[in-house]
Amino acid sequence: MMATPAETTVRIRKFDVQDVELVASWLRTDSALEQFSARGEAASEEDLLALVRRTRKDPLSGAYILESADGAIMAFSAGRIEWPFEHVYESEIMLSPELPVRQGWGTLLHGAALANIFLRRPEVHKVVGRSMRTNGGAAQVMRKLGLTHEGTLRSHVRRTDGFVDLDVFSILRSEWERASQLSSRVVLLDQEG
């Protein structure tokens, strides 16, 4: 029986070669194609292997697996700091399609991804996340975690069925520190120096 989000501690480790096949299978699902694919096709295993290589040698990039204490993989998170805005981390997260919806998993795992960024990267002042307008659940989770809707990039993502708006959300470190009650339930494996 699966624990509830309220009972779950999230372990976070670097995304690596052994995770590629699983995450690639998630990216091939219809919901992932709807929410994460601007080009109408899933990222390939080669794309994900390139991400592993890039994050190994680029200290400004990060890709992580979020798992339960028993090792069940629940989410994949990736992001990057872009020069010259080296205090801003742009983050994306994808939940396992196996997780039940509307039970709090999105809030738990998005919150854990935020904790991962702020705890691992002391130089980060602000985290930015984006959500296609068609993904109302993600926008709701971001608001619940204290992120501010900064604006909408109109007709920003080209899809096979036309253009979609992209909502931009952010949270400052000081806001996260005041609001976060999740850090105690996040275990950072392979802590970076």
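The values are calculated or read from the model by the stated rules, or taken from the named source; none is laboratory data. A quick note: this is a predicted structure, and the numbers were derived from the prediction, not measured. Here the Cβ positions follow ideal geometry from the backbone for every residue, glycine too, while neighbour counts run over all protein chains shown. Note: areas computed on protein heavy atoms with side chains; ligands, DNA, RNA excluded. Shrake-Rupley method; radii C 1.70, N 1.55, O 1.52, S 1.80 Å.
Test of understanding: what is the full-extension gain from residue 119 to residue 82, defined as 0.36 nm times their sequence separation minus their Cα-Cα distance? Please list the in-between numbers first.
Values: separation 37, 0.36 × 37 = 13.32 nm, distance 1.87 nm.
Extending this stretch completely gives an extra 11.5 nm.
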Could you give the Stokes-Einstein D for region 45-122 in µm² per second, using the C-alpha Kirkwood radius, 20 °C, 1.002 mPa s?
-> 158 µm²/s
Zone reached by a paramagnetic label modelled 7 Å from residue 175 Cα along Cα→Cβ, restricted to region 135-158 with backbone N below 17 Å, covers 138-153
Mind pulling the per residue volume of the convex hull built on the Cα atoms of region 78-139? Å³ is fine.
-> 88 Å³
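At a threshold of 8 angstrom on Cα-Cα distance, excluding pairs fewer than six apart, so keeping six or more, what relative contact order does the chain reach in percent?
Result for the chain is 22 percent.
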Any chance you could look up the accessible area of residue 156 with a 1.4 Å probe, heavy atoms only, rounded to 10 Å²?
-> 100 Å²
Treat every Asp and Glu Cβ in the chain as -1 and every Lys and Arg Cβ as +1, leave all other atoms uncharged, and give the resulting dipole magnitude about the Cα centre to the nearest 20 debye.
-> 460 debye
In the calculated pair distance distribution of region 80-193, what percentage of Cα-Cα distances lie above 25 Å?
-> 25 percent
Ignoring ligands, DNA and RNA, what accessible area per residue does region 63-105 give at 1.4 Å, in Å²?
-> 51 Å²
Restricting things to alpha carbons, tell me how big the chain is in terms of Rg and Dmax, in Å.
-> 15.8, 47
How much of residue 134 can a 1.4 Å solvent probe reach, expressed as accessible area in Å² and rounded to 10?
-> 80 Å²
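Quick one: net charge around residue 68, please, counting Lys, Arg +1 and Asp, Glu -1 for every other residue with C-beta under 14 Å from its C-beta. Mind showing how you got there, number by number?
On the way: positive: 11, 13, 185; negative: 7, 67, 70, 98.
Result for the local shell: -1.
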Work out the FRET efficiency for residue 148 and residue 49 from their Cβ-Cβ distance, taking R0 = 25 Å, and round it to the nearest 0.05.
-> 0.10
Extending each Cα 7 Å along its Cβ direction at residue 61 and residue 187, get the distance between those two points in nm, one decimal.
-> 2.9 nm
Full extension between residue 103 and residue 72 adds, at 0.36 nm per residue less the Cα distance, a length in nm of 9.4 nm
